[in-house]
Amino acid sequence: MTVVLIVVIVLLLAVLSAGTVTVVRRNQIDRGPEPEPELRRGRAPVRPAPPSPPDVEPAPPPDDAGPPRGSAGPAGPEPDTKAPGEREHAAPTAQRPRLSDRLGRARNLLGSSLAAIRGRARADDATFDELEEALILADVGLPLTGRLLDGLRSRVRSGEIADSPTALLDALKADVVELFAGEDRDLAYAAESPSVWLFVGVNGVGKTTTIGKLAARESQAGRSVVVAAGDTFRAAAGDQLAMWADRSGAGIVRGADGADPSSVVFDAVQHAAARGADLVLADTAGRLHTKVNLMDELRKVRRVADRPPGHVSEVLLVLDATTGQNGLAQAREFAGAVDVTGVVLTKLDGTAKGGIVCAIRSELGLPIKLVGLGEGADDLVAFDPEEFAEALFS
Amino acid sequence: MFDTLTDRFDGIFKRLRGRGRLGDAEVGEVLREIRVALLEADVSLEVVRDLIERIRVRCSGAELSKSLTPAQQVIKVVNDELTTTLGGEAFRLTYASRPPTVVLLAGLQGAGKTTAAAALALWFKQQGRHPLLVGADLQRPAAVEQLRVLGRSVGAAVSSDGTDPVAVARKGVDEAIRVGRDVVVVDTAGRLAIDEDLMDEVRRVAAAVKPHYTFFVVDAMTGQDAVRSATAFGEALELDGVILTKVDGDARGGAALSVKHVVGKPIAFVSTGERPESFEAFHPDRMASRILGMGDVLTLIERAEREYDQVAAEKAVERLRSGRFTLEDFHDQLQQMKRMGPLQSVLGMLPGMPKEVRDAQIDDRDVARVEAIIRSMTPAERDDPSLINGSRRLRIAAGSGRSTTDVNNLLRQFKEMQKLMRSGGAMGAVARAGGRKAKKVKGGRVTPSLKDAGSLR
């Protein structure tokens, strides 16, 4: 508290000094009407602000859960129901084509920055520059880009890789795939029901939508699902989730606006246990990882969710594929706060390549479990490193 | 926001500061570091190249000035170029001669359009206008409901009538004309730039309502894709400006630097928090100063102007001067200051704050605790804290739910503040309090101080 006192005092003095200027200026400027003060007051003690995080989640088309509108191309394999009753999901192979379909749609429009490389006879500095550029443009980040290219260079020098751009590119792709080697991409269920999957992330990455899709998918797989509308902060977040729950037939537990999210999750777990439900999908309000008090709130949500009869078996960090280098900081902070078990990479069907997950995997060792490829209920698929690497350089 | 970028520049300039002169080698080294700093801040590769080239030309070219040290010169050049890249002059919004002025928001999913729409409505209200919000996001479940809730909280009506975004938008504008609203803010669904159908839809919405301003809403945490999306939206719509959201995180704001360059339109507004009032017009020159660690005093003054009660401020300044500033005044001032937003963000605007102070986690709940203590005092005690003896202290502690140590701390700090003020006016006290407080971190401080900033202008 002392720190705050000092800061307050310094600020106060500074502001008052500025205020002196203000007074002078004010005498010359006619002000508009004062905005109502009650709008600015914080309401919930935990969060210094009232309504409306910009947690704008991508939306499904209102009522059809079919493939997204327009250029989606062929309807592709039908919904991702998995063999019911399984303890774990194997990566559903039936969905794989979708990834490349969707990516192809985005990438073809862009054209390839690397088309020129393949034509060259030898791998010269320009080739490395172009590879560097491709990695940077994909948001892989400078440190990892440097490491990948240094590795390539030394292997070219030692003759391990043929000195041709094509071989170089293939080796680089293999290196990227290698980053994700050995990661456990299965979604885990606790030995005893109900399992709780907690979804965390910054604002607007698609947590609510991801939960909506998973609720549909898990329900279709024969599990009884309860979604917990733990985002009590953003206006109408609960309504958004309720619509998804409605579509998939999952149960939903909601709290009042501004209620403690822990209490909502607690109620959902109790409800699930009483009904004998298998799985609780717990939504949380989007929060910037730099807000210490909000991260504390999230810790509490996790603790409460893990209290018997609930068992937290997944804490999934939802990450927007358009995110740049800040994604690493997000992953680090969320992982530190709530033991993230995996990453869901959303909105990969756009022009963004999501290269930041390479850095996240490489630095933090978090597995990438799911990929969001559209707004439909079945547009959530297992992460496939090969296709991802391919797309990174397309 | 921008803090990490600021830190990196801090480091670069620290080394420059000691140099007597800069040769090509030094310039090259500095430029390389600036390149890394910019790329790590997600500035678009293309923009980085362009910026570096311009800085190189100006640093090694004819623009040498005898009155500045090499470090100051580089800082000046970087400051100028950052300002240019961020958008040159500030965006100015003019109102349509025949109301309503129509504003259209577009962007990717999750960029923060709905929140920005409400924030913009509040901003217009503060400008003395009467906005109507139009919810044309019929894609995302409950998006319109979200807008309605937000609209209620900022006191703006929301119109969303129909099942087709184009019709909804058109009806919204008609409604505004009918009820005499002079500004219409149209919120649209998030869409991917490559989604032809949806891009066509937003084009038709624009054609139907003929917006005076079309803003591209983009998340400050966006990486290299910012440029691709912005380009695509710029091709589909006639953009007038950009709204940059979520800049209150630690994202390095590269998107801000890139988007203007790519779209060719300035950043008009930034949203610095989840509350509708955390939203302000964007000033490129101030932002460049902030990136360079020079603070943002102008924004601070503006916020003070907007939020501070003039009479109370005058009174407080008067009392400060005469050394008769009581706990009661302190409490009043706290109330006023709270209206300026979270302390953290206010603090970030002060120039010359050491990184450690800038990064200090300030919990606004602690302010509430301070208030609780003061409120547990009798008026007489607030007027003259020396009245407070042991038993009064216990009572105050019990009344505020704090410990007597907290009460003591508050009293001690307040006393020191009074002493400081008596011995040299508010500004002196700031300087001294700041210096003293930051002493352990401030040695060899590199943040360009006000003096540096001044000498550059």
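Some observations on this one:
- Subset of region A:343-375 (residues that are within 13 Å of another protein chain (Cβ to nearest Cβ) and in a loop (DSSP other than H, G, I, E, B)): A:K347, A:L348, A:D349, A:G350, A:T351, A:A352, A:K353, A:G354, A:G355, A:L373, A:G374, A:E375
- Every pair of residues 6+ apart whose Cβ atoms lie under 7 Å, when the first sits in region A:259-283 and is more than 15 Å from A:T208 (Cβ to Cβ) while the second is open to solvent by 10 Å² or more (accessible area, probe 1.4 Å) and assigned to a helix (DSSP H, G or I): A:S262/A:K300; A:S262/A:V304; A:F266/A:V304
- Filtering region A:159-191 to residues that are small (G, A, S) and in contact with a strand residue (DSSP E or B) (Cβ under 9 Å, 6 or more places away or on another chain) leaves A:A188, A:A190, A:A191.
- Residue that is surrounded by the most Cβ atoms within 10 Å (Cβ to Cβ), among those in region B:180-199 that are over 22 Å from B:V262 (Cβ atoms) and over 30 Å from the mean Cα position of the chain (by Cα): B:D197
- The requirement of being at pLDDT 85 or above, over 25 Å from the mean Cα position of the chain (by Cα) and farther than 26 Å from B:I177 by Cβ is fulfilled nowhere in region B:109-125; no residue meets it.
Rundown of residues vs (1) among the aliphatic types (A, V, I, L, M); (2) part of a strand (DSSP E or B); (3) in contact with a Leu (Cβ under 8 Å, 6 or more places away or on another chain); (4) surrounded by 24 or more Cβ atoms within 10 Å (Cβ to Cβ), yes/no style:
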{"site": "B:G110", "(1), (2), (3), (4)": "no, no, no, yes"}
{"site": "B:A117", "(1), (2), (3), (4)": "yes, no, yes, yes"}
{"site": "B:R129", "(1), (2), (3), (4)": "no, no, no, no"}
{"site": "B:V134", "(1), (2), (3), (4)": "yes, yes, no, yes"}
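- Among the residues of region B:95-119, the one identified as among the charged types (D, E, K, R) and within 12 Å of another protein chain (Cβ to nearest Cβ) is B:K113.
- Scope region B:367-419; condition farther than 15 Å from B:R324 by Cα, of a type in the set (K, R) and away from chain A (no Cβ under 14 Å); matching residues: B:R375, B:R392, B:R393, B:R395
- Counting only strands (runs of 3 or more DSSP E) that fall entirely inside region B:146-227 and contain at least 1 residues that are in contact with a helix residue (DSSP H, G or I) (Cβ under 6 Å, 6 or more places away or on another chain) and touching a residue at least 60 places away in the same chain (Cβ under 8 Å), the qualifying elements are B:183-188, B:213-219.
- Look at (1) closer than 30 Å to A:V357 by Cβ; (2) surrounded by fewer than 22 Cβ atoms within 10 Å (Cβ to Cβ); (3) over 20 Å from the mean Cα position of the chain (by Cα) and you find that B:A230 fails only one, number (2).
- A residue that is closer than 23 Å to A:L380 by Cα and surrounded by fewer than 20 Cβ atoms within 10 Å (Cβ to Cβ) cannot be found anywhere in region A:226-238.
- If you go through region B:120-143 and keep only what is under 28 Å from A:G201 (Cα atoms) and within 8 Å of chain A (Cβ to nearest Cβ), you end up with B:L122, B:D137, B:L138, B:Q139, B:R140, B:P141, B:A142, B:A143.
- In region A:239-249, the residues that are over 22 Å from the mean Cα position of the chain (by Cα) and in contact (Cβ under 8 Å) with a residue 24 or more places away in the chain: A:R247, A:G249
- Some residue of region A:319-342 being part of a helix (DSSP H, G or I), open to solvent by 10 Å² or more (accessible area, probe 1.4 Å), touching a residue at least 12 places away in the same chain (Cβ under 8 Å) and among the basic types (K, R): yes
The values are calculated or read from the model by the stated rules, or taken from the named source; none is laboratory data. Everything quoted here is computed from the prediction, not taken from an experiment. Note that we place each Cβ from the backbone using ideal geometry, even for glycine, and neighbour counts take in every protein chain shown. These area figures cover heavy atoms from the full protein model, side chains too; ligands, DNA and RNA do not enter into them. Shrake-Rupley method; radii C 1.70, N 1.55, O 1.52, S 1.80 Å.
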